[in-house]
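See structure below.
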Amino acid sequence: MVTRLVPPASDPVEPGAFTPITITVNGESVSGVLGQTLAGVMLGANVLAWRTTRRQGRPRGAFCGIGVCFDCLVEVNGQRDVRACQRRAASGDVVVSQGAPPPREDR
Ligand code: FES
């Protein structure tokens, strides 16, 4: 896949001015643009994986990007199980990687 950056002046969509935002991902500041999803901000900062699978601890990030697969779950501002591809980032959001839930006592 080839990515290309269209300069705003020649973009036929004519985007308005960008509003920069900053979120925190696992304690590190990450910059993005207002309107991006959390996944978009993280992918833009080259953060490709932010959780691990329950059984084998394999890295996961965004897979479908449309809210179907739940591979992108993160904890945001203390709330678990947020789909990063569906949640718009807000300046000051605190995102923490989410591993497997704690073991249940009744197993
Ligand atoms: S990437 Fe599939 S639900 Fe978010």
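The values are calculated or read from the model by the stated rules, or taken from the named source; none is laboratory data. All of these numbers come straight from a predicted model, not from anything done at the bench. Please note: Cβ atoms are built from the backbone with ideal geometry, for glycine as well, and neighbour counts cover all protein chains shown. Quick note on the areas: whole protein, heavy atoms, side chains included, nothing else; ligands and nucleic acids left out. Shrake-Rupley method; radii C 1.70, N 1.55, O 1.52, S 1.80 Å.
Residues of the range 63-99 that are among the hydroxyl-bearing types (S, T, Y) and closer than 19 Å to T52 by Cβ: S97 alone.
Each residue in the range 44-99 was checked for being over 9 Å from the mean Cα position of the chain (by Cα) and of a type in the set (F, W, Y), and 2 of them qualify. For the range 41-58, the candidate set comprises residues that are farther than 17 Å from V95 by Cβ and polar (S, T, N, Q); within that set, the residue that is farthest from the ligand (Cβ to nearest atom) is Q56.
Across the range 59-80, the qualifying residues are those that are more than 11 Å from the ligand (Cβ to nearest atom) and in a strand (DSSP E or B), and the one among them that is surrounded by the most Cβ atoms within 10 Å (Cβ to Cβ) is V76. L38 satisfies every condition listed in (1) open to solvent by 50 Å² or more (accessible area, probe 1.4 Å); (2) closer than 11 Å to I23 by Cβ; (3) within 16 Å of the ligand (Cβ to nearest atom) except (1).
Residues in the range 1-58 that are assigned to a loop (DSSP other than H, G, I, E, B), modelled with pLDDT of 85 or more and of a type in the set (G, A, S): G27, G35, A45, A49, G57.
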